[in-house]
């Protein structure tokens, strides 16, 4: 009997040094992939939240001008900034700095009379469903690294996104749709697609971005003359070739992931067109989201928010909606004003619609930017309010939905909004809490990579119990 001479790589994989175990692990991983890597998995503990919609305000919205007003800044307006007042260190400009008051009016809303920006007319209707968290702190004041930190737990990128970890831990509730979907703005945020990447997790868990304009997904229908039977036959051929390849090269898991993505794309052709067709919604529902109204930004965000509701309704586990344009170093009244008007209807409608359909009882909604903004600015031009610099020591965040202590304010910042001073927590604690609300334990949700077990919080974080209902 003749035997093929093994290659050097095959010899090492099947002989000493413990590499045979690595090969076995790869084979097992591929077998799991064939069995349905995104199949539903039991949570680590009982949790009300089964889905998450993460509303990402890219650019760093100002907490001082949205949900955390600071009257003290009115008396300090355009006076020289004093670090000793609140021990807040300037993040961006090291020259002369001046306190800047908010150009906005605020109103009280909800049962507790929580103060919010007066431009948020519709949002007054959902304040009692929201938990405002004023104690969160970031670490970076550079947009790309801060975005990576918020989305992936690591400032330097390359790690799995929160949605990828959730997909890895829980799988999906609908095998015909991705577990993790991203709805970007007209452009990708700073840091690009790595903000929703799978990192070192298998490729199955990466986010699937849908196009913001035109058809959300291209080529959702097969070419003319290509039947479903022909597509299925092609997939079977690919699977056969993949099995032959994996038997010879068990260390290459990427091909199994690619085949799985082809199969998912095939299944999506049947279900995705129905899910993303917001034309089936009533005119009243679309108007509630701001769709078809005069504000084009509100219309665009409204479409993404309505699509987010339809996606979680269809079983998608994690949806991230991105709204850009919050980086207001200049003309904050104009810049933040347009952003606030654009988000008011869509985001308020999303919360009301989730509540109307009963989905809010099982969906966690998060609103956050990558950092907050400073109470001062290094630019002084007459008596005008010109904007704010980046601030990692205080940032606006709110949560709503399943498992959250709604209608409350948790934590506080100092008298000028420079720094969080009560219920202060780093981002890793926030990530641990998000996972907990979805039934996942950060210390148990691990993946072996580069010689060690890795997790979203990097080195472990604490649960922010004040946020829990």
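FYI, it's all coordinate maths here, none of it is from the lab. Worth saying up front: this structure is predicted, and the values here are computed from it rather than measured. Neighbour counts are summed over all protein chains in view; Cβ atoms, including those assigned to glycine, are modelled from backbone coordinates with ideal geometry.
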Completion exercise
Between residue 468 and residue 295, the two model label points (7 Å from Cα along the beta-carbon direction) sit apart by a distance in nm of 3.6
Handout entry: Distance-filtered residues of segment 288-303 - backbone nitrogen under 18 Å, label point 7 angstrom along residue 186 Cα→Cβ
Key = 291-303
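Starting with the highest mean, order 458-468, 394-404 by the number of other Cβ atoms within 10 Å, averaged over the residues of each peptide. Could the numbers behind the result be given before it?
On the way: 458-468: 15.5, 394-404: 25.7.
Top to bottom by mean Cβ count within 10 Å: 394-404, 458-468.
Gain in length, residue 248 to residue 458, computed as 0.36 nm per residue apart minus the alpha-carbon separation, to one decimal in nm? Could the numbers behind the result be given before it?
On the way: separation 210, 0.36 × 210 = 75.60 nm, distance 3.49 nm.
Using 0.36 nm per residue and subtracting the Cα-Cα distance, I get 72.1 nm.
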Practice task
Can you work out the PRE-style zone for residue 108? Point 7 Å along Cα to Cβ, and I want the residues of segment 129-163 with backbone N under 15 Å.
Solution key: none
